[in-house]
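Derivation of every value follows stated rules applied to the coordinates shown; laboratory data play no part. This structure is a prediction, so every number in the text was calculated from the model and none was measured. Using ideal geometry, Cβ is built from the backbone for each residue, glycine included, and neighbour counts are taken over all protein chains shown.
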Amino acid sequence: MLRDRRSLTIMFGIPLVLYPLLTVAVGVVGVSKKKQLEEQPAKVVVVNPDAAPHLIVAIKEPKSGIKMTPATTEPADELKNGKIDGIIIIPPNAEAAALAAKAPEFIVKTDRSRTSSLFVEPKINRVLADYEDWILQQRLRERGQPLSLLQPLKKTTIDVATADQRLGKLLGLSLPVLLLVTGMLGALFPALNATTTERELGTLETLLVTPAGRMELLIAKGALVLISGLLTAFLNMFSMSLVLWRSLSLVETQMGDLHLNVSALALTYLAAVPTLITFSTLVLIIGLLARNFREANSLATPIMMIPLSAMLVGIAEPEMSPGLLVTPVANTTVIIREVLTGRITAGPFVLAFISSCVYAAMLLSVAARVFTNEQLVNPSWEPVSLAGLKSAGRKRRQWRLPGVDEALALFSIALLLTFYIQPSLIRYGLVPMLLISQIFLLAGPAIVLAWIGKYRWIETFSWRKPAVLALVAGLLLGVGLGPWMELIATLQSKFWPPNPDAQREMAKVLFPPLERWPILVPILVGALAGLCEETLFRGPIQTGILRRLSKWPAITITALLFAAAHLDLYGLPIRTGLGIILGWLVVYTGSVFPAMLLHAGYDITQLLVVSREIQKSGSAKVMDSATATPTVNDLHLGMLIAGAILIIAASLMLRRLSGSAQKPLIASATAPSI
């Protein structure tokens with residue numbers, strides 16, 4: 001890489017040499033041109049000057065910055081040709097009419113296609129404003145009124161933004177797209193040199209027969225590409241931030257003082273790292289798939305348009321929303337804007353960062369799958385052509401298990417579908433919204449992907465016949481965990497209070513149906529959540545992650561994804577704990593059905609308690625209590641004792657199950673990729 005001039009130029013030359021030189025050159029030329037236009041009198045033709053004698057006197061003052069030019073027969077042509085800078089057309093008897101409290105119309109013509117008009121118009125407007133003040137003073141004198149009537153109101157404008165935020169506003173327009181584009185450019189040529197160039201030179205085959213494993217080689221190549229992209233993005237961010245700060249600080253501006261916040265820049269870079277990893281991995285995959293350098297460049301050209309979408313997001317300045325925070329590229333752009341302007345909070349930052357990490361992990365897994373493909377060194381392999389889409393032959397097994405990259409892709413697809421489609425379904429009511437979102441946006445993608453990917457249905461979704469004790473234990477756990485989860489939430493609220501606005505919005509959607517159908521709605525909501533959410537998360541997602549990781553890390557990661565999908569930072573710890581229990585139950589029993597009953601029983605129990613309170617006290621009072629911080633006094637000791645009894649009973653039932661029920665799931669989950 002160090003011998004590649006293109007990589008070195010993009011990595012070091014542009015940020016450390018080109019940006020400062022261009023800024024200095026543009027600054028010197030710009031300041032010189034501005035000074036010239038400010039000091040140079042504007043050449044203006046006045047049509048019908050006798051109609052406003054006092055205005056002509058004001059124009060001829062040296063401080064006016066205007067030089068009257070004799071009128072010609074065609075002043076408009078002279079304005080178009082640049083011989084004059086402006087035309088002032090005075091109507092007949094304008095001054096007399098103005099003094100008589102009439103409103104004569106003065107017409108000013110300029111050519112705004114010329115830079116000089118930016119300095120000519122203020123000069124003309126300033127003279128006309130002074131002339132207008134003189135007219136008003138004469139009107140008051142003629143009517144015997146004091147001139148103090150013209151005293152303007154005092155106005156003071158206070159900018160509450162800090163110097164950091166003012167500069168952050170300017171940086172937020174350019175820094176996101178600069179970071180992403182330069183990071184991708186910095187990774188492009190090292191990625192192509194480490195993959196496509198080696199294939200053309202024939203050194204890739206030699207490298208693959210060395211004692212080093214393929215994953216070790218991929219990690220080495222990926223680390224080189226990633227370091228190149230991250231270093232290039234960092235140098236460009238550092239250089240551009242300093243250049244903009246120094247250049248804008250030297251220019252007179254109405255924004256006031258500007259200050260560069262180093263900690264905000266560091267957080268900005270941190271927010272961009274997962275997306276930079278995604279782009280670096282993407283160009284590495286392109287290098288692995290392309291047959292030659294020319295094809296790699298052709299494939300990389302449209303890919304380079306993806307980071308440019310950050311520019312559109314920056315210009316549009318959309319409001320921060322959960323859906324936007326999980327959208328690739330857009331989430332990084334929005335978070336960088338909020339960080340630089342000092343308005344970021346922990347919740348949105350964590351959500352955007354985690355979602356970007358998921359996309360990065362997904363592409364890293366795809367890169368690993370491509371690099372370990374035996375066809376990689378085959379000269380006739382055409383993965384990006386129609387020929388590459390054909391089946392490899394009958395020797396390939398038709399049915400398989402999902403990979404970890406497919407699991408992450410499925411999670412991303414379901415998440416984006418939910419956040420962009422579900423809000424538009426709220427107007428139809430709770431029941432239609434849940435039916436569509438749960439069946440078609442959560443369980444639907446999992447079923448479709450399993451059909452397209454030809455997954456082994458039973459192993460992927462854990463559709464094994466469970467023991468009766470396992471089903472009963474799952475239901476008892478779901479009912480018994482309810483009051484204890486409420487206790488944990490109450491204790492959590494002591495140091496982490498819930499968001500009352502989010503609680504209120506949820507109550508507005510949930511309470512009216514609960515008030516109308518107090519039993520049917522809890523059963524429907526719980527059954528849909530247990531069936532559809534477990535089909536997605538404890539199906540292909542957990543199965544795919546189990547193929548790459550051991551039991552407890554895979555269960556924990558799946559639980560985190562399950563909790564993050566609800567976009568409720570306050571409920572993240574509780575849902576993660578519940579997700580761990582659900583994932584463990586699937587692995588332990590070898591079946592997803594006990595977990596479905598646990599999930600459904602938990603939701604139904606929680607909603608029945610709320611429904612009972614609504615029927616007893618009314619939805620308005622329950623809504624007020626729902627938005628208030630819960631206390632320990634709100635909990636019922638009898639419910640905690642009953643919940644503990646149910647949990648103990650369920651645990652004893654699970655202990656009676658034979659350990660053989662869990663073996664088929666673990667064996668299939670750890671099977672090699674097909």
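Loop-resident trypsin sites (Lys or Arg not before Pro) (DSSP state other than H, G, I, E or B) in segment 77-171 with no more than 11 further Cβ atoms inside 10 Å of their Cβ: K102, R112, R143, K154, K155.
Note on segment 216-361: Rg/Rh from Cα positions, Kirkwood definition for Rh, rounded to two decimals, is 1.02.
Please work out whether segment 40-150 counts as rounded, prolate or oblate from its C-alpha gyration tensor, where a ≥ b ≥ c are the square roots of the eigenvalues and a/c under 1.5 means rounded, while otherwise a/b larger than b/c means prolate and anything else oblate? Here segment 40-150 falls in the prolate category.
Classify segment 484-541 as rounded, prolate or oblate from the Cα gyration tensor: take a ≥ b ≥ c as the square roots of its eigenvalues, call it rounded if a/c is under 1.5, otherwise prolate when a/b beats b/c and oblate if not. Taking the square roots of the gyration eigenvalues as a ≥ b ≥ c, segment 484-541 is oblate. Put simply, the amide H of R400, placed in the peptide plane, has neighbours under 5 Å in Y455, R456, leaving out anything fewer than 5 places away on its chain.
Full-extension gain between W496 and A163, please, as 0.36 nm times their residue separation minus the C-alpha to C-alpha distance. Don't skip to the end; give the middle numbers.
Numbers: separation 333, 0.36 × 333 = 119.88 nm, distance 3.13 nm.
Going from the current span to full extension adds 116.8 nm.
In whole angstrom, how long is each semi-axis of the equivalent ellipsoid of segment 402-674, when you take the square root of 5 times every eigenvalue of its Cα gyration tensor and sort them from largest down? Before the final figure, lay out the partial values.
Details: eigenvalues 192, 102, 53 Å².
Equivalent-ellipsoid dimensions as semi-axes: 31, 23, 16 Å.
So how strong a dipole does segment 138-194 carry about its Cα centre when Lys and Arg Cβ are +1 and Asp and Glu Cβ are -1, to the nearest 20 debye?
On the way: 7 positive and 3 negative charges, 115 e Å.
The calculation lands at about 560 debye.
The overall shape of segment 310-369, judged from the alpha-carbon gyration tensor, is prolate: a/c is not under 1.5, and a/b is greater than b/c. A simple charge model with +1 on the Cβ of Lys and Arg, -1 on the Cβ of Asp and Glu and nothing else charged puts the dipole of segment 402-674 at about 660 debye relative to its Cα centre.
Beyond 23 Å in Cα-Cα separation lie the following of the pairs K63/K102; K80/K123; K102/K123; K43/K109: K63/K102; K102/K123. Residues whose amide H lies under 5 Å from that of T69, counting only those 5 or more places away or on a different chain, are V44, V45, V46; hydrogens are built 1.01 Å from N in the peptide plane. Using DSSP to define loop residues, name the GluC sites (Glu not before Pro) in segment 105-175 whose beta-carbon has at most 11 other beta-carbon atoms within 10 Å. In loop regions of segment 105-175 (DSSP not H, G, I, E or B), the sparsely surrounded GluC sites (Glu not before Pro) are E105.
In units of 2.2 N^0.38 Å, what is the alpha-carbon radius of gyration of segment 419-498? Normalised Rg, Cα atoms only: 1.58.
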